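Below: the structure, in structure tokens.
The values are calculated or read from the model by the stated rules, or taken from the named source; none is laboratory data. Values in this document were obtained by computation on a predicted structure and should not be read as measured data. As a convention, Cβ positions derive from the backbone with ideal geometry for all residues, glycine included, and neighbour counts pool all protein chains shown. The protein model used for the area step is the full one, side chains on, heavy atoms only, and it has no ligands, DNA or RNA in it. Shrake-Rupley method; radii C 1.70, N 1.55, O 1.52, S 1.80 Å.
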Amino acid sequence: MLALLDLSEATEKKESYDSFKSKRKVLAIDIEIREHNKKEILKNPFSNYIEMIKGSSIDESIIEKVKTRAGDYKNIMIFL
């Protein structure tokens, strides 16, 4: 979805599309990120949109990580 938004925005502005310059990010937060799942996510061509954070979504240190990482982006989608 984020890639489509980036592509649409680039098309409207008559600019070239570069997923590495996106203003959008997916933060995936989970207590357990299994290695085989992480490998598959990282192999995906849109993996640069996804950042995985291992920990509890109610842990203060994880909340601070989310705030820090979200600060530079226009749109953030968080999966718990």
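Quick notes on this one:
- FRET efficiency, 1/(1 + (r/R0)^6) with R0 30 Å, evaluated for residue 60 and residue 37 via beta carbons: 0.75
- Helix 2-12 and the longest principal axis of the Cα set of the chain meet at an angle near 20°.
- Percent carbon-and-sulfur accessible area, the chain, ignoring ligands, DNA and RNA, probe 1.4 Å: 55
- Counted over all Cα-Cα pairs of the chain, pairs farther apart than 21 Å make up 35 percent.
- Computed [θ] at 222 nm, deg cm²/dmol, the chain (DSSP H ≥ 4; -39,500 (n - 2.57); rounded to nearest 500): -11500 deg cm²/dmol
- Cα long-axis angle, helix 60-70 against the chain (0 to 90 degrees, to the nearest 10): 10
- Cα-centre dipole for the chain with unit charges at Cβ (Lys and Arg positive, Asp and Glu negative), debye to 20: 160
- Residue (of 8, 56, 36) at the positive-pole extreme of the chain, dipole from beta-carbon charges: 8
- Distance-filtered residues of segment 25-56 - backbone nitrogen under 19 Å, label point 7 angstrom along residue 15 Cα→Cβ: 25-26, 48-50
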